Amino acid sequence: MKKFINEADDVVDEAMEGFTACYGNYYEKHPEVNAVILKEPRKDKVALVIGGGSGHEPMFNGFVGEGLGDAAACGNVFASPDPGTIYETALAVESGKGVLFVYGNYAGDNLNFDMAEELLEDEGIESAHVRVWDDCASAPKERLTDRRGIAGDLFVIKIAGAACDRGMELAEAVKVAERARDNVRSIGVATTPGQIPGLDKPTFEIADDEMEYGMGIHGERGIERTKMKPADEIVEYLYNNIKSDMELSKGDEVCVLVNGLGSTTVLEMSIAYRKLKALLDADGIAVHDADVNSYCTCQEMGGFSISLLKLDDTLRELYDMPCYCPYYAKKGK
């Protein structure tokens, strides 16, 4: 498999060096671990630390910014950051108000972030976490906490970042981040696999004329493999799964993300959003905000996911707070 790399063991280190060099006006790399840190974060507030495995760029390091994460702890490709990395990342941005961790609900992340919290507790630093479990294809509703975190992470990071920047205490910030998490649902479809740098084979195999609903962002098994279908049929299937799972009804208001998994074009995703908007309009569901982009990827995996955040007054107010992400919009020097 072709990759623009040097040595497989150096991929994450070199990528982090390049990322922070490119956006050096805004970010710095932690001197000891693979973490991206905002150069001038607000002090005297709860620090928001996000993170997870590399290979999903721009998630997570691309969402360090004002009103977003103060730092991102980055693991190896598709692997959780180790407890030491998470701990050191938190120490670098903690300013006396505690640390809130937001990350996807995976066994490795859960274990390592929990261990890092124990290390912080030993230092007398208060911390808490919100695990995102938005992938409604990965477990039934009665096992909600077994679900994976996918592109819905972005909505929870946005709400959590706004809560922290507003000056909420840690317990209050946790509550609103959990409210966002509990009102986000996502589901995706995959057509081609991603490739982990250094491996000879892709993460899964699928025929050229097939696709799989509900596949995870590491190639985890989905809920149904079928022949390729027209975009409108795919979107309707995905939307109906989300609608029934989160009990959307007429008069609700949502934020929408159509997220590419790595190789799907904006042209294709725009076609998908066209159908999704028509379905939302037909059901009387208002779109407060929408985005079509590749935010939570799986290397060059083909496919896309749909995420909906159902708003209430609190979530809407926090969502509308300004944020600034240097990765997407440079201010200049």
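Brief remarks follow.
- Whether the range 1-97 is rounded, prolate or oblate, judged on the alpha carbon gyration tensor where a/c under 1.5 counts as rounded: prolate
- Gained length - LEU267 relative to ASP182, 0.36 nm times residue gap less alpha-carbon distance: 27.5 nm
- Mean residue ellipticity at 222 nm, helices only, the chain: -10000 deg cm²/dmol; runs of at least 4 DSSP H residues each add -39,500 (n - 2.57), and the sum is divided by the number of residues.
- For the chain, share of DSSP beta bridges that run antiparallel, in % to the nearest 5: 50 percent
- Residue by residue, the range 138-143 carries 3J(HN,Hα) couplings of 8, 6, x, 4, 6, 10 Hz when phi is fed to the Karplus relation 6.51 cos²θ - 1.76 cosθ + 1.60 (θ = phi - 60°); x denotes Gly or Pro.
- Distance between the modelled labels on LYS250 and ASP200, one decimal in nanometres: 6.0 nm (7 Å Cα→Cβ projection).
- Computed on the Cα trace of the range 169-212, the radius of gyration divided by the Kirkwood hydrodynamic radius gives Rg/Rh = 1.31.
- In terms of overall dimensions, the C-alpha atoms belonging to the range 56-196 reach 46, 31, 29 Å along their principal axes, ordered largest to smallest.
- Shape of the chain, Cα gyration tensor, a/c cut at 1.5: oblate
- Put simply, when 254-263, 62-71 are sorted by average Cβ atoms within 10 angstrom per residue, most first, you get 62-71, 254-263.
- Sorting 49-61, 73-85 by their mean Cβ neighbour count within 10 Å, with the most densely packed peptide first, gives 49-61, 73-85.
- In nm, spacing of pseudo-spin labels at ASP208 and GLU123 (7 Å Cα→C-beta vector): 5.4 nm
- Taking the accessible area of the chain, probe 1.4 Å, and keeping the other protein chains in place, the carbon and sulfur fraction comes to 47%.
- If a spin label sat at a point 7 angstrom from the Cα of LYS141 along the line to its beta carbon, the backbone N atoms of the range 162-198 nearer than 15 Å would be those of 182-186.
- Candidate lysines for bridging to LYS3, where Cα separation is under 22 Å - those fewer than 8 sequence places away on the same chain excluded: LYS201
- Subset of LYS229/LYS310; LYS2/LYS310; LYS158/LYS277; LYS141/LYS227; LYS29/LYS229; LYS158/LYS250 violating a 32 Å alpha-carbon distance limit: LYS2/LYS310; LYS29/LYS229
- Ranked packing of 283-293, 100-110, most packed first, by mean Cβ within 10 Å: 100-110, 283-293
- Within the assembled protein chains, the solvent-accessible surface assigned to LYS175 is about 140 Å², based on a 1.4 Å probe.
- Two-site label geometry, ARG274 and GLU7: point separation in nm, points 7 Å out along Cα→Cβ: 4.9 nm
- Efficiency of FRET from Cβ geometry, CYS323 and LYS229, R₀ 41 Å, rounded to 0.05: 0.65
- The range 251-333 shape via C-alpha gyration tensor axes, a/c threshold 1.5: oblate
The values are calculated or read from the model by the stated rules, or taken from the named source; none is laboratory data. Please read all numbers here as calculations on a predicted model, not as lab measurements. Note that each Cβ is placed from the backbone with ideal geometry, even for glycine, and that neighbours are counted across all protein chains shown. The area values use the complete protein model at the heavy-atom level, side chains included, leaving out ligands, DNA and RNA. Shrake-Rupley method; radii C 1.70, N 1.55, O 1.52, S 1.80 Å.
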